[in-house]
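Reviewing the structure listed below.
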Amino acid sequence: MSSRPGDTRRFRAEREGEWRRLEEILVTAESSSMRSLSDDDLLALPILYRGALSSLSVARETSLDLELVTYLEGLCARAYFFVYGVRTRAGERLRAFFAHDWPAAVRAVWKETLAAALITLIGVISGYLLVGNDPSWFQSFVPAELAGGRDFEASPESLRRTLYHDEGASGLTVFATYLFTHNSQVCMFSFALGFAFGIPTAMLIVYNGAMLGAFLALFASQGLGFELGGWLMIHGTTEFFAIILAGAAGLKIGWAVVFPGEESRLIAAVAAGRTAALVMGGVIVMLLAAGLLEGFGRQLITDDLARYAIGLSALLLWLAYFYLPRSEHHG
């Protein structure tokens, strides 16, 4: 049901005074600090904030003009920070993020996570079969910079050396930086492209899986499949889990755009984006961990079984952290 212009004018006339005062308080707090507010302003802030929230709810339900709804959304968002954000210290907020917010967000996208994992698996199988049957596909899936000389022209001995050779501290740092940059780009694009109905996200996840499948086909053809598994496992369980979660975050937004339910597509996408953003905040942490394991751990730890043990342990730790039941109380 749409509103008439007169409805909006009356609504503004009745409540605009409170909005203006709230905005004046926020401007003072934003330009100086909360300490610059008077006692009356400090007492009025939460009351005016709740009044603005009530106005926003009414404006949405009665379909008042979009400009008014947008204004109230911005006003409430600014006020929220000063009403609630300043009560929590940075350390406490960080602790709450890792103790509750991040794992709760990951559990909230479990369906999308399964979908992203399935899409990745399809990519791995497709890449493996295509490259296994026709090695010319390898270069289509694996960039030369990432291959680093590991291709079908390399001898089994040279391929084996790439799995165990210690490049030295400086070389490891450069390699870790490159891989971290590459994986970060994959995650960011998977998340950012979700708004386009999730299609680009799914395509990117398939491609990343196909890249892994191409590597598996290459090393398996030289009898080094088990060795490659250890080389990948030490960091891959963390890295690919992070990429899958980034894909799930993108799919979450894409699903909300395609099927917004009773809300508008914009509102549904914004709501999904809040959960997805929490997931992505933690994905950065996982990529940092994967970058260290990838650039250092797998080069310094050359025993195959030790690599498998570290990779599987990391996977179990992530699964326990995200999905084991825990108390919902958090400060």
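Selection of first residues in the range 13-24 that are surrounded by 15 or more Cβ atoms within 10 Å (Cβ to Cβ) and of second residues that are among the acidic types (Asp, Glu), restricted to Cβ pairs under 9 Å at least 6 apart or on distinct chains, gives the following pairs, ordered by first then second residue: Arg21/Asp41. Within the range 61-98, can you find the residues that are hydrophobic (A, V, I, L, M, F, W, C), at pLDDT below 90 and within 24 Å of the chain's Cα centre (by Cα)? Ala77, Phe81, Ala90, Leu94, Ala96, Phe97, listed by residue number. Looking only at residues in the range 261-289 that are over 16 Å from Ala249 (Cα atoms) and at pLDDT below 85, which one is surrounded by the fewest Cβ atoms within 10 Å (Cβ to Cβ)? Among residues in the range 261-289 that are over 16 Å from Ala249 (Cα atoms) and at pLDDT below 85, the one surrounded by the fewest Cβ atoms within 10 Å (Cβ to Cβ) is Glu262. The residues listed here are Phe226, Phe197; of these, the one that is surrounded by fewer than 18 Cβ atoms within 10 Å (Cβ to Cβ) and not in a helix (DSSP H, G or I) is Phe197.
So which residues in the range 296-331 are part of a helix (DSSP H, G or I), over 24 Å from Leu163 (Cα atoms) and touching a residue at least 12 places away in the same chain (Cβ under 8 Å), if there are any at all? Within the range 296-331, Trp318, Tyr321, Phe322, Tyr323 meet the criteria. Here Phe296, Phe322 are screened, and the one residue that is under 24 Å from Val206 (Cβ atoms) and aromatic (Phe, Trp, Tyr) is Phe322.
So the check is Cβ under 6 Å with 6+ separation or different chains; which pairs have a first residue in the range 136-161 that's modelled with pLDDT under 90 and a second one that's among the small types (Gly, Ala, Ser)? Taking only residues 6 or more apart or on different chains, the pairs are Val142/Ala214.
From the list Leu216, Leu245, Leu293, Leu232, the one residue that fits, being under 15 Å from the mean Cα position of the chain (by Cα) and assigned to a helix (DSSP H, G or I), is Leu245.
The values are calculated or read from the model by the stated rules, or taken from the named source; none is laboratory data. Nothing here was measured: the structure is a model prediction, and the numbers come from that model. Methodologically, a virtual Cβ is constructed for each residue, glycine included, from the backbone with ideal geometry; neighbour enumeration extends over all protein chains shown.
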